[in-house]
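Everything on this sheet refers to the single structure shown next.
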Amino acid sequence: MATLVQKYNVSGPRYTSYPTVPYWNGDTFSGKKWFTTVKRSFDLSNSLEGISLYIHLPFCESLCTFCGCHKRITKRHELENPYIKAILKEWALYCAIFKEKPQIKELHLGGGTPTFFSPENLRFLVDEIFARADKAIGYEFSFEGHPNNTSREHLQTLYDVGFRRVSYGIQDYNEKVQKAIHRIQSFKNVENATKMAREIGYTSVGHDIIFGLPHQTLEHVKNTITKTAEIMPDRLAFYSYAHVPWLTGNGQRGYKSEDLPSADEKREQYEKGKELLSEVGYREIGMDHFALKTDKLYHAMQKGDLHRNFMGYTASKTQLMVGLGVSSISDSWFGFAQNVKNLEEYQHLVDNGLIPIYRGHILTEEDEIIRKHILNLMCQFTTKWTVDQQPFLDIDLIKSRLTEMEIDEMVVFNDNEIQVTEKGRPFIRNICMAFDALLHRKAPETQLFSMTI
């Protein structure tokens, strides 16, 4: 495995979208084209499967230095109400596009720290969203909670309006690692937050664990997973720390590159962590995710319904995902659009009746076909192609890019199919890169992505 790590540890996308954001074509994008794709997607899918809604709540009271998400560090809770009002204005602008009442299948509150907001304000936000929408059949609502400030009142309030899933960011339980990433929380706090959610009735509690953090060792990872097994969350994200200080500003510059584990050490952390998770009953789901057999995510993978978008892995697919709030990304299936990242600019635009997008991409027919194959690989570790796709897929070229991986027994080709082996799963990002036409046509002059290992 160490030899494979050295061979394949390169910079590459995580494929929450295709095309990936650095390869969006701004020259062919416009707000008019974007709204056309939104209307088209809504008309095709709302009554059949509903839509997804992601709401970005960016405020955090302190900076976690490992984090690559867009956030605003503040202790000023008076910012909550104006921001919620801006989100609701943006939602009203989208609803004006729709011909009928939206049926919301998935709703996710992300951040930032959603539990920065008071329970009363979160309830007001959700109630006002549903003043213009209905809950779809089989809906699933989830939010990200901080173990240190997620109260019973937070959990009960969101439960009362339909939330049944919560995820907590854990990262690592070692004190030295926690200090380095400025995320100090005790095991007791995590245990209490998880217990409260289950007592109230949440059916899925998730924990996020990271390997490859500054000062983190194999023993730290083993200890974190051993403690996690005492709580047994229903699902886990166990993923590699992405060191991208050129994207995150000052946050990831609080420690040196030599403080980070090497690629071989990271892979050892992952392999041992994966082994321990398997021993206590978790099953691998897609890339970097694990779930108990009782969780919806596991059932979705077994049935072939697993989906991946900017909200991560989900148990059901919706064609349209609307992102509300500063920096949020929306996905109409035929296009992507991202909101402005500056809080004051965001509020100014929606106050003036404008949906606050500043960049995006309209998918070509080639994009749509490649996207489906990358999604298949990311969600099912296999994909098939058809004769009518040949003009958009250079299969011989794709196979040639994967020749070494085939020799290394990481992929297997049949006539019109590729299957990722167990050995190849940790390198799924590398495998998807073989299909990424835009990445190969225009190799970046500077590093855009984190390392794949």
Selection within segment 103-141 - outside any strand (DSSP E or B), hydroxyl-bearing (Ser, Thr, Tyr) and either more than 25 Å from GLN185 (Cβ to Cβ) or open to solvent by 10 Å² or more (accessible area, probe 1.4 Å) (or both): THR113, SER118
Quick one: what pairs do we get from segment 361-386, first residue in contact (Cβ under 8 Å) with a residue 40 or more places away in the chain, second open to solvent by 20 Å² or more (accessible area, probe 1.4 Å), C-beta under 6 Å, 6+ apart or different chains? HIS361/TRP24; HIS361/ASN25; HIS361/PHE29; ILE362/THR28; ILE362/PHE29; ILE362/LYS33; GLU366/PHE392
Output yes when any residue across segment 369-376 is modelled with pLDDT under 95 and more than 21 Å from the chain's Cα centre (by Cα), and no when none is. no
Residue by residue through segment 269-285, note down the ones that are open to solvent by 20 Å² or more (accessible area, probe 1.4 Å) and either assigned to a helix (DSSP H, G or I) or under 24 Å from CYS432 (Cα atoms) (or both). GLU271, LYS272, LYS274, GLU275, LEU276, SER278, GLU279, ARG283, GLU284
Is there any pair with a first residue in segment 256-268 that is part of a loop (DSSP other than H, G, I, E, B) and open to solvent by less than 40 Å² (accessible area, probe 1.4 Å) and a second that is at pLDDT 85 or above and polar (S, T, N, Q) whose Cβ atoms are under 7 Å apart and which are 6 or more apart or on different chains, and what are they? PRO261/GLN216; PRO261/GLN269
In segment 149-185, residue farthest from PRO119 (Cα to Cα) [restricted to those that are modelled with pLDDT of 95 or more and assigned to a loop (DSSP other than H, G, I, E, B)]: ASN174
Reported set for segment 316-326 where residues are part of a loop (DSSP other than H, G, I, E, B) and open to solvent by less than 20 Å² (accessible area, probe 1.4 Å) is THR318, LEU320, GLY325, VAL326
So which residues in segment 15-48 are surrounded by 19 or more Cβ atoms within 10 Å (Cβ to Cβ) and either without any contact (Cβ under 8 Å) to a residue 12 or more places away in the chain or in contact with a strand residue (DSSP E or B) (Cβ under 9 Å, 6 or more places away or on another chain) (or both), if there are any at all? TYR15, SER17, PRO19, TYR23, TRP24, TRP34, THR37, VAL38, SER41, PHE42, SER45, ASN46
Return only the number of the condition from (1) surrounded by 15 or more Cβ atoms within 10 Å (Cβ to Cβ); (2) closer than 30 Å to MET321 by Cβ; (3) modelled with pLDDT under 95; (4) touching a helix residue (DSSP H, G or I) at 6+ places or on another chain (Cβ under 7 Å) that ARG235 does not satisfy. (3)
Expected single match for part of a loop (DSSP other than H, G, I, E, B), more than 18 Å from TRP333 (Cα to Cα) and modelled with pLDDT of 95 or more among GLU100, GLU144 is GLU100
Selection from segment 286-315 of residues that are open to solvent by 40 Å² or more (accessible area, probe 1.4 Å), farther than 16 Å from TYR18 by Cα, in a loop (DSSP other than H, G, I, E, B) and of a type outside the set (Gly, Ala, Ser): LYS293, THR294, ASP305
Are any of the residues in segment 151-170 of a type in the set (S, T, N, Q), open to solvent by 10 Å² or more (accessible area, probe 1.4 Å) and in contact with an Asp or Glu (Cβ under 8 Å, 6 or more places away or on another chain)? yes
Which residues, taken from segment 68-86, are open to solvent by less than 30 Å² (accessible area, probe 1.4 Å) and touching a helix residue (DSSP H, G or I) at 6+ places or on another chain (Cβ under 7 Å)? GLU80, ILE84, ALA86
Hits in segment 344-370 - residues which are within 19 Å of TYR54 (Cβ to Cβ), in a helix (DSSP H, G or I) and open to solvent by 10 Å² or more (accessible area, probe 1.4 Å): GLN347, LEU349
Select from segment 1-14 the residues that are under 25 Å from the mean Cα position of the chain (by Cα) and of a type in the set (Ser, Thr, Tyr) and write down the one among them that is least open to solvent (accessible area, probe 1.4 Å). TYR8
Between a first residue in segment 78-99 that is without any contact (Cβ under 8 Å) to a residue 12 or more places away in the chain and farther than 16 Å from HIS348 by Cβ and a second residue that is hydroxyl-bearing (Ser, Thr, Tyr) and not in a helix (DSSP H, G or I), which pairs have beta carbons less than 7 Å apart while being 6 or more apart in sequence or on different chains? none
Here is a check on your reading of the model: is GLU199 assigned to a helix (DSSP H, G or I), open to solvent by 30 Å² or more (accessible area, probe 1.4 Å) and closer than 21 Å to LYS75 by Cα? no
Out of (1) among the small types (Gly, Ala, Ser); (2) open to solvent by 10 Å² or more (accessible area, probe 1.4 Å); (3) without any contact (Cβ under 8 Å) to a residue 60 or more places away in the chain, what's the single condition that is false for ALA180? (3)
Kindly list, by first and then second residue, each pair from a residue in segment 287-301 that is within 17 Å of TYR270 (Cβ to Cβ) to a residue that is in a loop (DSSP other than H, G, I, E, B) and among the basic types (Lys, Arg), limited to pairs with Cβ atoms under 9 Å and residues at least 6 apart or on different chains. MET287/ARG14; ASP288/ARG14
Take LYS341 and decide whether it is under 30 Å from LEU57 (Cα atoms), open to solvent by 60 Å² or more (accessible area, probe 1.4 Å) and either assigned to a helix (DSSP H, G or I) or modelled with pLDDT of 95 or more (or both). yes
Quick one: how many residues across segment 202-212 are at pLDDT below 95 and surrounded by fewer than 16 Cβ atoms within 10 Å (Cβ to Cβ)? 0
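The values are calculated or read from the model by the stated rules, or taken from the named source; none is laboratory data. In this text, all values refer to a predicted model and were calculated from it rather than measured experimentally. As a convention, Cβ positions derive from the backbone with ideal geometry for all residues, glycine included, and neighbour counts pool all protein chains shown. Heads up: the accessible areas ignore ligands, DNA and RNA and are worked out on the full protein's heavy atoms, side chains in. Shrake-Rupley method; radii C 1.70, N 1.55, O 1.52, S 1.80 Å.
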